[in-house]
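Okay, so here's the structure we're looking at.
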Amino acid sequence: MSTDSTQSSTGGEKAPSRAELAARVAELEDRVAEVTAEDETKKMSIIATKGTLDMAYPPLILASTAAAFGYEVTVFHTFWGLDILHEERSKNLKLSSVGNPNMPVPNIVGALPGMDRMTTTMMAKRIEDNDTATIEELIETSLDMGVEFQACQMTI
């Protein structure tokens with residue numbers, strides 16, 4: 001069966017020929033080139049879906065770093081990632097010790113009462129000892145650099 005068939009398999013409308021498809025692809029490539037040539041701003045979109053202490057840092061560090069390199073950055077917060085933006089909750093983000101592959105604590109031990117509090121305290125101490133920016137400082141720095149934070153309206 002030839003790929004240059006002019007009849008569709010359903011017997012209805014004619015399928016476009018190879019030449020027509022090639023012309024359409026060339027037209028679309030030209031339009032994409034025009035659009036990208038007009039706006040040379042580098043852009044980055046980041047999605048924050050988790051609201052634990054260890055998962056709040058990656059989107060904020062990536063966003064502030066990209067903005068420092070001239071990127072137009074948007075961070076979209078959804079599900080538990082909304083806790084990062086919440087004025088009250090962002091100050092009390094916890095670190096989950098269960099199911100976290102980077103924790104030096106076996107899951108059975110991590111499930112014990114008080115372990116999340118202990119691991120959160122340990123990480124907070126490391127953050128302070130290393131003079132790492134807090135979540136609030138990273139948000140403030142990102143906003144100062146023009147990073148746009150968006151909250152998922154459907155999740156809210």
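Projecting the Cα atoms of Ala22, Val35, Leu62 onto the dipole axis of the chain, where Lys and Arg carry +1 and Asp and Glu carry -1 at the beta carbon, places Leu62 farthest toward the positive end. Shown for the chain are no DSSP H helices, since none reaches 27 Å along its axis, judged by Cα atoms, with a mean Kyte-Doolittle hydropathy of at least 1.6.
Only helical DSSP H runs with n ≥ 4 go in: add -39500 (n - 2.57) per run for the chain, normalise by residue count and round the 222 nm mean residue ellipticity to 500 deg cm²/dmol. Don't skip to the end; give the middle numbers.
Numbers: 5 runs with 66 residues, N = 156.
My calculation for the chain gives -13500 deg cm²/dmol from helical runs alone.
Charged side chains reduced to their Cβ positions (Lys and Arg at +1, Asp and Glu at -1) give region 85-156 a dipole of some 500 debye around its Cα centre. Of the residues Ser90, Gln150, Pro104, the one whose Cα sits farthest towards the positive end of the charge dipole of region 86-156 is Pro104 (charges of +1 on Lys and Arg Cβ, -1 on Asp and Glu Cβ, taken about the Cα centre). Between Lys14, Lys91, Lys43, the residue with the greatest mean-square fluctuation in the GNM of the chain (Cα pairs under 10 Å linked by springs) is Lys14. Against the set [x] 31; [y] 41; [z] 55, the structure's computed percent of Cα pairs over 24 Å apart falls on [z]. The relative contact order of the chain, computed from alpha carbon pairs under 8 Å that lie at least 6 residues apart in sequence, is 24 percent. Only the Cβ atoms of Lys and Arg (+1) and of Asp and Glu (-1) were treated as charged; on that basis the dipole of the chain about its Cα centre amounts to roughly 780 debye. Taking a straight Cα-Cα cut-off under 28 Å and skipping sequence neighbours fewer than 8 places away in the same chain, the lysines within cross-link reach of Lys50 are Lys42, Lys91, Lys94, Lys125.
As a test of reading the structure, rank Thr155, Thr36 by solvent-accessible area (1.4 Å probe, protein chains only), most first. Please list the in-between numbers first.
Values: Thr155 50, Thr36 80 Å².
Highest to lowest solvent-accessible surface, that is Thr36, Thr155.
Comparing Val109, Val73, Val98 in a Gaussian network model of the chain where C-alpha atoms under 10 Å apart are linked, the largest mean-square fluctuation is found at Val109. Asp131 exposes around 140 Å² of accessible area when a 1.4 Å probe is run over every protein chain in place. Within the assembled protein chains, the solvent-accessible surface assigned to Thr49 is about 50 Å², based on a 1.4 Å probe.
The values are calculated or read from the model by the stated rules, or taken from the named source; none is laboratory data. Computed from a prediction, not measured in an experiment: that's the story for all the values here. Cβ: placed from backbone, ideal geometry, glycine included. Neighbour counts: every protein chain shown. To get the accessible areas, we keep the full protein, side chains included, count just its heavy atoms, and leave off ligands, DNA and RNA. Shrake-Rupley method; radii C 1.70, N 1.55, O 1.52, S 1.80 Å.
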